[in-house]
Every structure is written in C-alpha cells, then in structure tokens.
Ligand code: SIN
Ligand code: FE
C-alpha cells in the first residue's frame with residue numbers, strides 16, 4: 001500500500017466527484033495519508049511576524065486553541081499580537097473544517113472539533129522525555145482526554161517560509177503493531193481509572209480502550225530497538241502543502257521541520273465506512289473483549 005494518496009484540489013472548499021470521495025475515505029480508513037500537494041494555508045498581511053519560535057512561551061510544545069472556550073494557550077504574546085495570533089489559528093481551524101466537511105462529506109454531521117495547534121518550534125529542538133518525543137514512532141493517544149474509541153483525525157499544513165519540508169517516518173500497519181505490543185501491555189490497576197477521573201487527572205473516564213492505546217503509545221516510544229528496525233518509510237511533506245491522517249491508527253514520527261498548523265477532529269466509529277479498521281475494533285478483535 002502506497003502511504004500517500006494524492007488529492008488534487010487547490011481550494012479549502014473543493015468538493016470531490018463521488019468516485020474520488022469514496023477512494024479518499026477508503027484510503028484514509030485503511031491507514032493512508034491524504035496528501036494535498038496543491039493546497040496551502042496562506043498567511044495574511046502582518047501574520048509573517050508569527051513565523052517565529054518566540055510566539056511560543058518556551059514551555060509548551062505547541063500553541064493551541066481550545067475549540068469550546070476559544071482560549072489560546074502556549075504563547076507569551078499579549079494584547080493585539082495575541083489577538084492576531086489567535087485569529088490566524090482560528091482561520092486555520094475554519095479552513096480545516098471546511099476541507100474535511102466536503103472531502104470527507106460522510107463524516108460531516110458527526111465531526112467533533114478537537115484542538116487547533118500551531119507549531120513554530122523546530123522539531124529537532126522540542127522537549128523530549130521519551131513519552132513526549134514525537135520523533136519516535138507512535139500512534140496518538142491522549143493521557144488526560146479519553147476518547148472512548150472515537151477516532152483522531154488530524155489535518156496538517158506546512159507553512160515553512162524557507163521551503164523546508166516536514167519530514168516524517170511512517171511505521172507498520174496498526175494491526176501488526178498492536179499484535180506485536182499487546183502481549184507486553186499490562187492491565188490497569190483495579191480502581192485506578194475511577195481515581196484518575198475523580199482527581200481530575202482525566203477529563204472523563206479512561207476506558208480500557210484509552211488505557212491500552214496509551215500503553216501502546218508509550219511502549220512503542222520506549223522501545224528504541226523497535227524504532228530502528230520496524231518496517232518504516234520516510235515521507236517529506238513540502239512547504240505549502242496539506243495532509244490529513246488518522247493519527248490514532250497510523251504509526252508516525254516527526255523528524256524535522258518548523259512552522260506547522262494542525263487541527264484535530266474526532267469521528268465516532270459508527271460514522272466510518274469500514275469500522276473494522278478502527279483501532280477500537282482491531283484491539284477488541286485481538287483481545288476478544290469489549291473495550292469501550
Ligand atoms: C505528531 O503528531 O506526533 C507530530 C507531528 C508533527 O509535529 O509533525
Ligand atoms: Fe503524534
């Protein structure tokens with residue numbers, strides 16, 4: 001399977017002919033990256049100044065916008081500069097939503113907005129405890145925000161002004177990876193997930209699905225041998241391109257690059273065309289039990 005599936009549109013509001021739309025959804029759900037080589041997120045006059053790592057506060061990996069509270073985090077900017085930065089991030093969120101609602105039209109009524117992030121810091125310089133080190137192959141799982149089997153669909157736009165690509169590695173198919181690691185993952189301590197919810201460590205209850213996805217994320221990143229020898233390919237996403245991928249399913253690692261936008265959407269398993277490919281269904285099949 002080719003890792004990238006090219007979609008030849010040059011507008012955030014483009015619709016696809018039905019045959020292409022079906023190919024896109026099937027490819028995405030099978031674990032391919034939808035790649036938009038002719039689509040770019042254009043900055044507006046005055047926004048070039050935000051192409052500076054100093055836009056970030058130096059502590060967080062990313063600047064992020066909460067979709068419900070419309071609250072911007074991870075920046076040290078204040079006043080008008082902060083408002084300008086927030087407007088730019090919010091505009092990306094609106095574009096990403098327009099794109100997904102049209103290109104993946106079947107998902108549109110079911111999409112739930114996650115955070116928007118802007119990543120102005122060079123990947124090679126980002127903080128790196130192994131769990132936070134996204135240059136190690138992993139599937140995404142959030143420690144504090146359980147998603148109970150809902151998918152993590154992410155739209156990325158490389159806005160590097162010097163023409164530098166975002167370099168990723170893509171790893172093996174989800175089922176191969178899950179099969180390899182599952183025997184090593186321990187069950188949760190009895191009562192621990194209730195306690196985490198009560199103490200506010202997690203927003204909502206961490207289901208068994210969330211527990212095992214997080215354990216898989218950590219185990220993959222921790223295994224330095226696996227990082228070297230597992231089946232993988234390098235992919236370069238050029239400046240002024242866009243891509244979309246289910247990052248809970250597709251093993252990925254960011255190796256180099258600077259200035260990236262990312263929008264997260266959650267999609268319920270029931271809205272998928274091929275739910276059997278969803279990590280929830282794969283894990284349930286491999287473990288022989290319900291996980292969420
Ligand atoms: C990640 O989602 O793990 C990192 C992607 C990136 O920053 O390029
Ligand atoms: Fe990731």
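The values are calculated or read from the model by the stated rules, or taken from the named source; none is laboratory data. Just so it is clear, the structure is predicted and the values come from calculations on it, not from any experiment. Positions of Cβ are generated from backbone atoms using ideal geometry, with glycine treated the same way; all protein chains shown enter the neighbour counts.
Of note:
- Subset of the stretch 1-47 (residues that are assigned to a helix (DSSP H, G or I) and under 22 Å from residue 139 (Cβ atoms)): 24, 25, 26, 27, 28, 29, 30
- Failed item, numbered, when residue 147 is tested on (1) more than 26 Å from residue 124 (Cβ to Cβ); (2) within 11 Å of ligand 2 (Cβ to nearest atom): (2)
- Here 164, 145, 180 are screened, and the one residue that is surrounded by fewer than 17 Cβ atoms within 10 Å (Cβ to Cβ), in a loop (DSSP other than H, G, I, E, B) and modelled with pLDDT of 95 or more is 164.
- Subset tally (residues that are surrounded by fewer than 22 Cβ atoms within 10 Å (Cβ to Cβ) and more than 13 Å from residue 112 (Cβ to Cβ)) for the stretch 259-268: 2
- Residue 106 vs. criteria over 19 Å from residue 272 (Cα atoms), within 20 Å of the chain's Cα centre (by Cα) and surrounded by fewer than 21 Cβ atoms within 10 Å (Cβ to Cβ): no
- Residues being closer than 22 Å to residue 170 by Cβ and without any contact (Cβ under 8 Å) to a residue 60 or more places away in the chain - total across the stretch 186-223: 3
- Taken together, the residues in the stretch 258-279 that are in a helix (DSSP H, G or I) and either within 11 Å of ligand 1 (Cβ to nearest atom) or under 11 Å from the mean Cα position of the chain (by Cα) (or both) amount to 0.
- Strands (runs of 3 or more DSSP E) completely within the stretch 204-257 that count 2 or more residues being crowded, with 20+ Cβ neighbours inside 10 Å: 241-246, 252-256
- Picking from residues in the stretch 149-167 that are more than 15 Å from ligand 1 (Cβ to nearest atom) and under 16 Å from the mean Cα position of the chain (by Cα), the one that is farthest from residue 238 (Cα to Cα) is 149.
- Residue 5 satisfies every condition listed in (1) in contact with a helix residue (DSSP H, G or I) (Cβ under 9 Å, 6 or more places away or on another chain); (2) surrounded by fewer than 17 Cβ atoms within 10 Å (Cβ to Cβ) except (2).
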